[in-house]
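S.K.: Let me give you the structure first, and then I'll get to my questions.
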Amino acid sequence: MLEIKGLKADVDGTEILKGIDLAVPTGEVHAVMGPNGSGKSTLAYVLAGRDDYAVTGGSATFDGVDLLSLEPEARAAAGLFLAFQYPVELPGVGNANFLRTALNATRRARGEPELDAVQFLKLARAETRRLSVPDDMLKRNVNVGFSGGEKKRNEVLQMAILRPKLAILDETDSGLDIDALKIVAHGVNTLRGPDFSALVITHYQRLLDHIIPDRVHVLAGGRIVRSGGPELAHELEAHGYASVAAEAA
Amino acid sequence: MSGRGMSAAAQREARASLAQSFLARFEGLKARLPGDARAREAAALAFGERGLPGPRDEAWKYTNLRALAGMAFHEPFTVVAGCNGLLDRLPAIAAPRLVFVDGRLRQDLSRLPGTMRVSGFAQTPDFGTLVHPEREPLAALNTMLAQDGAMISVAEGVDAGTLVLASLAADVHGRPVAFHPRHRVRLARGARLTLIEISLGEGVYLHNPVSEVLVGQGAVLTHVRLQDEAPGAFHLATLYADIAARGTYDGFALNIGARIARTEIHARLGGENAVAHLNGAQLLGGTQHADFTSVVSHEAPSCTSRQTIKNVLSGKSRGVFQGRIEVARGAQKTDGYQMNQALLLSADAEIDSKPELEIYADDVKCSHGATVGALDADQIFYLRSRGVPEPEARALLVRAFLAEALDPIADETARTCLDEAVERWWERQAA
Ligand SMILES: Nc1ncnc2c1ncn2[C@@H]1O[C@H](COP(=O)(O)OP(=O)(O)O)[C@@H](O)[C@H]1O
Ligand SMILES: [Mg+2]
C-alpha cells in the first residue's frame, strides 16, 4: 500500500506540492488527473527520488517502508516503477543491454539470481510479442530516434519486464493513437492483481476507458482537491478542471 | 621536485640539462650504435639545437614536459631475467608476439610469426624515410639513441593475421630509465596485418618509441595500441604513416596509463582513395596528462580521413587534442572528418582542444568539431529509477560515451583487449 501524507516539495525555493494526501491500497489502480502545471510530474518524481526536488514536509511510505529515505535504485528494488512523461535518451546504450542491466540490478538487490543473455532475451522477446513491440526496438539505443509513441511503448515494455509492485505512469497516454493507447492499457491490465498497484497520471479520461481505475483524484495547485470513483473522470471530461477545482475550493 | 612551482628559467635549465645528458649518452654510445651513423649525427645536431620541447614550441603548447625535465634517466641494463610478472599482465592473445623489455627485443619471450618477416632493429637497423628529426625533437632524440625495435614486413598480397607488439618496462634497478625503440612496419601491395601494440611497465621511465608505417597500394593495416604504462612513466610516441593508393591505415590508440603521454601521428595520404582512421580514447585520472596530436596530409585526390577522439577525464587530469587536416592543392574530393569529445567526471579535470584545417583545394568535404560535458543528471536518474545503482549507472554511461569510438573496431581480439582495459581503468577510478 502506498501512503502519502501531507507531502510538500519545493523546486528552486518554490513550493509545488503543498500537502498531498493520497493512499493507494495494494491491488488497486488509482488515477490522478489535473491541469497542466498542477504538480503531477513533480509528485511522480518525488516518489521516484529525483534529487532536484526538496521534500519539505510530510511522508510517503510503501508497504510501511519510508520511500523518501531511499535512494532511487533502492525504491526500484522495493518495487517502484515510474514510466516517465518524457523518457530519457541514452545514446550508446543498447535497449536490450539497458533492460537486462536494470532487471539484473533489481534481482541482485532482491537476492534473486541474475539472468544471462539468453535467458533475458527469451523473456524480453515474450514481452515484446505480447505488447506488439517490434523486436528491433531491443536492438536500438535506448529511446534514441524513437517517435513519441515508441518511447511510451518502451516505458511500458520496461514495466512489463521489471514487473513492479507499484507503477506510476506519468501521462503515458499522451501523444498516442488509439492502438498504442490500448497497448499501454494492456500492459497495465496484465500486471493487475492482488499484489500490484498503480498510480495512473493522465490528462484525459480516454485512457481510463481502458484502464478502469478504482479511484480518481484531482490534483490542482499542489493539492488533491477531490477524490471519487471512475465516474469522476467523466465529470472532469464534461465540465473541465476549473469547475471541479472551484467546487472544491 | 614536483616541477609545478618552477620558474620559466628553471624549467628551461632543467630541459637543457636533461637534453645535455642525452647528448652525452649519445657521445658515449655512438661507436656501438647500430645503423646509419650519419643519420644519427644529423639527429643529434637537430636535437642539440632544439633541445626538449618547451612551452614556446607551438606543437607542445598544451603539454609541458617539466616533470620529465626534472628526471635523471639511466641507460637500461640488458635484462635477461624475469619481468616482475609483467608478462602475465599481457592480454592472453593467441597470436605471434614480439616482446620488448626496456626497449630490447627478447627473442626468448617472443613467438615469431610465419606469415611475415620480422627482425630486431639492432640486427637490421633501418631508419626509413618518413621520420623528421629536424621537425620533431623527440623523433630526433629517438634517431640519436635508438638501439632496438621491431622491423616488420608483410609481402605482397599476404594476409599476415595478427601480431602483438609488447613493450614492457621492468624497473629492474628501481631507478628511472629511458628507451627509444625504433619500429618500422611495411605492408606491400595488397597485404594485410592487424598489429596490437601494448605498452605497460613498472617504475619510472621514458618510453619514446618512433614508428614508421608504410601501407602499400590496397594494403590494410589495423593498428590498435593500448598504452597502460606505469603511473610514473612518460610515454611519448611518434608515428609516421604513409598510405598509398587504396590503402588503409586503421588506427586506434587507447591511453589509460603513464604520468604524461603523447600520441603523435603524422599520416600522409599519398595515393588516390587512400584511407586513414586515427581514432582514440584517453581515460585519465589523478594528475595524469595525455595529449593526442595528429597531422593528416591529404596529398592525393579522393582520400578519406576519419578521426574520433574520446576523452574521459576524472580527478585533476588533463586531456589535450591537437588535430590538423592539411589538404594539398591537387587533393580534390578529399573527405576529412575530425571530432574530439570530452567527458569531464570532475570539476578539476580539463581538456584542451585545437582542431585546424588547412585547405588548398576547392572541392573538398572537411569538418571538425569538439564537445565537452559532464555526465547527464537526467540520464543517471533514469538508470537509477530502473534499479541501477549510481556507480553502475555512471559506468554504463561512460562506456556508452566510448562506444562510438570503440564500436568501429571490427577485430574481436583487439576489441576484447580494449574493453578489458576500459574495465581496468574504471575499477582503478573506483578504488
Ligand atoms: N525542475 C523544475 N524546475 C523548475 N520548475 C519546475 C520544475 N519541475 C516542475 N516545475 C514547476 O512546477 C510546477 C508543476 O510542474 P509539473 O509537476 O511538471 O506539473 P504537471 O506534471 O502537473 O504538468 C510547474 O509550475 C512547473 O513549471
Ligand atoms: Mg507532467
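The values are calculated or read from the model by the stated rules, or taken from the named source; none is laboratory data. Fair warning: this is a prediction, and the values are worked out from it, not measured in the lab. Every residue, glycine among them, receives a Cβ derived from its backbone with ideal geometry; neighbour counts consider all protein chains shown. Just so you know, the surface numbers come from the protein's heavy atoms only, side chains and all, with ligands and any DNA or RNA stripped out. Shrake-Rupley method; radii C 1.70, N 1.55, O 1.52, S 1.80 Å.
S.K.: Kindly identify chain B as rounded, prolate or oblate by the Cα gyration tensor criterion: order the square roots of the eigenvalues as a ≥ b ≥ c, call it rounded if a/c is under 1.5, otherwise compare a/b with b/c, prolate if a/b is larger, else oblate.
M.R.: Working: a/c = 1.28, a/b = 1.11, b/c = 1.15.
Taking the square roots of the gyration eigenvalues as a ≥ b ≥ c, chain B is rounded.
S.K.: If you don't mind, another one. Choose one of B:T304, B:F234, B:N208: the residue whose Cα lies farthest towards the positive end of the charge dipole of the range B:195-343 (beta-carbon charges +1 Lys, Arg; -1 Asp, Glu; about the Cα centre).
M.R.: Selected residue: B:T304.
S.K.: Spelling out what I want: for every residue of the range A:118-132, take phi, set θ = phi - 60°, compute 6.51 cos²θ - 1.76 cosθ + 1.60 (Karplus), and round to whole Hz; glycine and proline get x.
M.R.: For the range A:118-132, the Karplus curve yields 5, 4, 5, 4, 4, 5, 5, 5, 4, 6, 4, 5, 4, 9, 6 Hz.
S.K.: Give me the tail of P(r) for the protein assembly as shown as a percent: Cα-Cα pairs with distance above 50 Å.
M.R.: Details: 67798 of 230860 pairs.
Pairs farther apart than 50 Å: 29 percent.
S.K.: Then there is this: Points 7 angstrom from Cα along the Cβ direction at A:A109 and A:S243: gap in nanometres?
M.R.: With each label point 7 Å from Cα toward Cβ, the separation is 4.4 nm.
S.K.: With Cβ to Cβ distances under 14 Å as the rule, what net charge do the other residues near B:Q107 carry (K, R +1; D, E -1)?
M.R.: Details: positive: B:R97, B:R104, B:R106, B:R111; negative: B:D108, B:D148.
Spelling it out: positives minus negatives among the neighbours equals +2.
S.K.: Another one. Name the residue, out of B:A274, B:A414, B:A405, whose mean-square fluctuation peaks in a Gaussian network model built on chain B with Cα pairs under 10 Å.
M.R.: Comparing B:A274, B:A414, B:A405 in the GNM, the peak value goes to B:A405.
S.K.: Quickly rank A:143-155, B:302-314, A:98-110 as a protection proxy: mean count of other C-beta atoms within 10 Å, highest first. Display every interim value, and only then the final one.
M.R.: Details: A:143-155: 18.2, B:302-314: 23.2, A:98-110: 20.0.
Ranking the peptides A:143-155, B:302-314, A:98-110 by packing returns B:302-314, A:98-110, A:143-155.
S.K.: Averaged across A:66-74, how many Cβ atoms of other chains sit within 10 Å of each residue's Cβ atom? Each step should come with its number before you reach the end.
M.R.: Working: counts 0, 0, 0, 0, 0, 3, 12, 10, 3.
For peptide A:66-74, the averaged partner shielding equals 3.
S.K.: Then there's this: Count the lysine pairs in chain A whose Cα atoms sit under 13 Å apart, keeping only pairs 8 or more residues apart in sequence or on different chains. Display every interim value, and only then the final one.
M.R.: On the way: A:K5/A:K18; A:K8/A:K18; A:K8/A:K40; A:K18/A:K40; A:K152/A:K182.
Total qualifying Lys-Lys pairs in chain A comes to 5.
S.K.: Still on this structure: Rounded to the nearest 20 Debye, what is the dipole magnitude of the protein assembly as shown about its Cα centre when Lys and Arg each give +1 and Asp and Glu each give -1 at the C-beta? If you can, show how the numbers build up before the last one.
M.R.: On the way: 73 positive and 83 negative charges, 298 e Å.
I would put it at about 1420 debye.
S.K.: How large is Rg over Rh for chain A, taking Rg from the Cα atoms and Rh as the Kirkwood inverse mean of 1/r across Cα pairs?
M.R.: Working: Rg = 17.7 Å, Rh = 18.5 Å.
Radius of gyration over Kirkwood radius for chain A works out to 0.96.
S.K.: Which distance in Å, rounded to a whole number, links the C-alpha centroids of the range A:167-218 and the range B:202-230?
M.R.: 58 Å
S.K.: Evaluate the distance, in nm, between pseudo-label points positioned 7 Å from the Cα of B:E134 and of B:T416 along their respective Cα→Cβ axes.
M.R.: Between B:E134 and B:T416, the simple spin-label model gives 4.8 nm.
S.K.: Sequence gap of 8 or more, or different chains, plus Cα separation below 19 Å: how many lysine pairs satisfy both in chain B? Before the final figure, lay out the partial values.
M.R.: Details: B:K61/B:K316; B:K61/B:K354; B:K310/B:K354; B:K333/B:K365.
Summing the qualifying lysine pairs gives 4.
S.K.: Determine ³J(HN,Hα), in whole Hz, for all residues of the range A:28-43 in sequence, where each value follows from phi through the Karplus function 6.51 cos²θ - 1.76 cosθ + 1.60 and θ = phi - 60°; x replaces Gly and Pro.
M.R.: Calculated HN-Hα couplings, in order: 9, 10, 10, 9, 10, 10, x, x, 4, x, 7, x, 5, 5, 4, 4 Hz.
S.K.: What does a probe at A:V144 reach in the range B:286-326, counting residues whose amide N is under 18 Å from the point 7 Å along Cα→Cβ?
M.R.: Output list for this probe position: B:307-312.
S.K.: With r as the distance between the Cβ atoms of B:Q107 and B:D376 and R0 = 35 Å, compute the FRET efficiency 1/(1 + (r/R0)^6) and round to 0.05.
M.R.: On the way: r = 51 Å, r/R0 = 1.46.
Computed FRET efficiency for B:D376 and B:Q107: 0.10.
S.K.: In a GNM of chain A with a 10 Å cut-off on Cα contacts, which of A:L67, A:L90, A:L17 has the highest mean-square fluctuation?
M.R.: A:L90
S.K.: Right, something else. Accessible area of the range B:378-431 with a 1.4 Å probe: how many percent of it is carbon plus sulfur? Provide the component values of the computation, followed by the final result.
M.R.: Details: 1160 of 2320 Å².
Summing carbon and sulfur atoms, their accessible area is 50 percent of the total for the range B:378-431.
S.K.: For the range B:50-186, give the magnitude of the charge dipole about the Cα centre (Cβ charges: +1 Lys/Arg, -1 Asp/Glu; no others), in debye to the nearest 20.
M.R.: On the way: 15 positive and 13 negative charges, 31 e Å.
That gives the range B:50-186 a dipole magnitude of about 160 debye.
S.K.: Of A:T56, A:T172, A:T190, which is the most mobile in a GNM of chain A whose springs link Cα atoms less than 10 angstrom apart?
M.R.: The residue that fluctuates most here is A:T190.
S.K.: Roll a 1.4 Å probe over the protein heavy atoms and report the accessible area of A:S243 in Å², nearest 10.
M.R.: Its accessible surface works out to 50 Å², give or take rounding.
S.K.: Enumerate the calculated ³J(HN,Hα) couplings along the range A:73-79 in order (Karplus 6.51 cos²θ - 1.76 cosθ + 1.60, θ = phi - 60°), each rounded to whole Hz, writing x wherever the residue is Gly or Pro.
M.R.: 5, 6, 5, 4, 5, 6, x
S.K.: Taking every residue in A:135-145, how many Cβ atoms of other protein chains lie within 10 Å of its Cβ, on average?
M.R.: Details: counts 0, 0, 0, 0, 0, 0, 2, 4, 1, 0, 0.
Whole-number average of other-chain Cβ neighbours for A:135-145 is 1.
S.K.: Oh, and also: Defining a contact as two alpha carbons under 8 Å apart and six or more residues distant in sequence, what relative contact order in percent does chain B show?
M.R.: On the way: 1122 pairs, mean separation 39.5, N = 431.
Across chain B, relative contact order equals 9 percent.
S.K.: Taking amide H atoms as placed 1.01 Å from N in the peptide plane, list the residues 5 or more away in sequence, or in a different chain, whose amide H sits under 5 Å from that of B:V213.
M.R.: Those lying under 5 Å, H to H, from B:V213 are B:V185, B:Y240, B:A241, B:D242.
S.K.: Shielding by partners for B:391-402, please: the mean number of other protein chain Cβ atoms within 10 Å of each residue's Cβ.
M.R.: Values: counts 0, 5, 5, 0, 1, 6, 4, 1, 3, 9, 3, 1.
Mean shielding count: 3.
S.K.: In Å² (nearest 100), what accessible area is buried between A and B, both sides summed, heavy protein atoms only, 1.4 Å probe?
M.R.: 1900 Å²
S.K.: To continue, here is another question. Just to be sure I understand: if I project the alpha-carbon convex hull of the range B:20-167 onto a plane and average over all orientations, what area do I get in nm²?
M.R.: On the way: hull surface 44.2 nm².
Quarter of the Cα hull surface area: 11.0 nm².
S.K.: About the Cα centre, and with charges only on the beta carbon of Lys, Arg (+1) and Asp, Glu (-1), how big is the dipole of the range B:378-431? Nearest 20 debye, please. Walk me through the numbers on the way to the answer.
M.R.: On the way: 7 positive and 11 negative charges, 53 e Å.
With only Lys, Arg, Asp and Glu charged at Cβ, the dipole is about 260 debye.
S.K.: Kirkwood hydrodynamic radius, the range B:378-431, all distinct C-alpha pairs: what's the number in Å? Don't skip to the answer; put the middle values down first.
M.R.: Numbers: mean 1/r = 0.0822 Å⁻¹.
Result for the range B:378-431, one decimal place: 12.2 Å.
S.K.: Which residue, B:L402, B:C417, B:Y382, has the largest displacement toward the positive end of the dipole of the range B:378-431 when charges sit on each Cβ (Lys, Arg +1; Asp, Glu -1)?
M.R.: Sorting the options by dipole projection puts first B:Y382.
S.K.: Hey, with R₀ at 45 Å, roughly what FRET efficiency would B:Q332 and A:D136 work out to, going by the Cβ-Cβ distance, to 0.05? It would help to have the intermediate numbers written out before the result.
M.R.: On the way: r = 40 Å, r/R0 = 0.88.
The formula returns an efficiency of 0.70 here.
S.K.: Another question about this same structure. Which far-off residues, 5 or more places away or on another chain, put their amide H under 5 Å from the one on A:V93, with H placed in the peptide plane?
M.R.: A:V142
S.K.: Count the net charge of all other residues whose Cβ sits under 12 Å from the Cβ of B:G51, scoring Lys and Arg as +1 and Asp and Glu as -1. Don't skip to the end; give the middle numbers.
M.R.: Numbers: positive: B:R12, B:R15, B:R50, B:R56; negative: B:E13, B:E49, B:D57.
My count for the surroundings of B:G51 gives +1.
S.K.: Within 10 Å, Cβ to Cβ, of A:E28, how many net charges do the neighbouring residues add up to if Lys/Arg are +1 and Asp/Glu are -1?
M.R.: Numbers: positive: A:R192, A:R215; negative: A:D214.
My count for the surroundings of A:E28 gives +1.
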